[in-house]
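Below is one structure, written out as structure tokens; comments come after it.
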Amino acid sequence: VQLQASGGGSVQPGGSLRLSCAITGDILGRYYMAWHRQAPGKQRELVADITRGLNSNYAASVKGRFSISRDDAKNTVYLQMNSLKPEDTAVYYCRAQRMGTATVYWGQGTKVTVSS
């Protein structure tokens, strides 16, 4: 199983980006999915997660600005990021956990820079 994250880049404050995470080697529908991020000098933190039943949760710092979604037919999870702030600057990682197991996979990370 591999996760391929994409969509990062540089954007000005207030801008938007959409991250994608494509899973290969298995079916997305078997996984709980999440996005994490790690800013320079900080620990990796959970940004948002989504279950197979489409229940989602968000970190307080991104609630109302970010939206996680999944398209099981495309084996892809998305993170729509709006109203970006400089403090959102980080490397963003997607994570997949096989439902009912402790098996976890991580994507390679995609860098997001928010700066004027």
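The values are calculated or read from the model by the stated rules, or taken from the named source; none is laboratory data. All of these numbers come straight from a predicted model, not from anything done at the bench. Every residue, glycine as well, gets a Cβ built from its backbone with ideal geometry; the counts of neighbours run over all protein chains shown. To get the accessible areas, we keep the full protein, side chains included, count just its heavy atoms, and leave off ligands, DNA and RNA. Shrake-Rupley method; radii C 1.70, N 1.55, O 1.52, S 1.80 Å.
Rolling a 1.4 Å probe across the protein heavy atoms gives the range 51-94 an accessible surface of 51 Å² per residue. Taking 12 Å as the straight-line reach from the Cα of LYS111, the aspartates and glutamates in range (excluding those fewer than 8 positions away in the same chain) are ASP88. Separation of the range 1-64 and the range 91-110, taken as the distance between their Cα centroids, equals 9 angstrom. Computed over the chain, the percent of Cα pairs more than 19 Å apart is 40. Once C-alpha pairs closer than 8 Å and six or more residues apart are averaged by separation and normalised to the residue number of the range 26-75, the relative contact order reads 33 percent.
Loop-located trypsin sites (Lys or Arg not before Pro) in the range 1-56 (DSSP state other than H, G, I, E, B) with a sparse environment of at most 11 neighbouring Cβ atoms within 10 Å: LYS42. Using θ = phi - 60° in the Karplus curve 6.51 cos²θ - 1.76 cosθ + 1.60, the 3J(HN,Hα) couplings for the range 56-66 round to 10, 9, 9, 5, 4, 5, 10, 4, x, 10, 10 Hz; x is entered for Gly and Pro. Pairs of Cα atoms nearer than 8 Å and 6+ residues apart set the relative contact order; for the range 1-115 it is 36 percent. Here the range 33-100 is treated as a sphere whose radius is the Kirkwood value from Cα pairs; by Stokes-Einstein at 37 °C and 0.692 mPa s it diffuses with a coefficient of 262 µm²/s.
Carbon-plus-sulfur accessible fraction, the chain (probe radius 1.4 Å, protein heavy atoms only): 46%.
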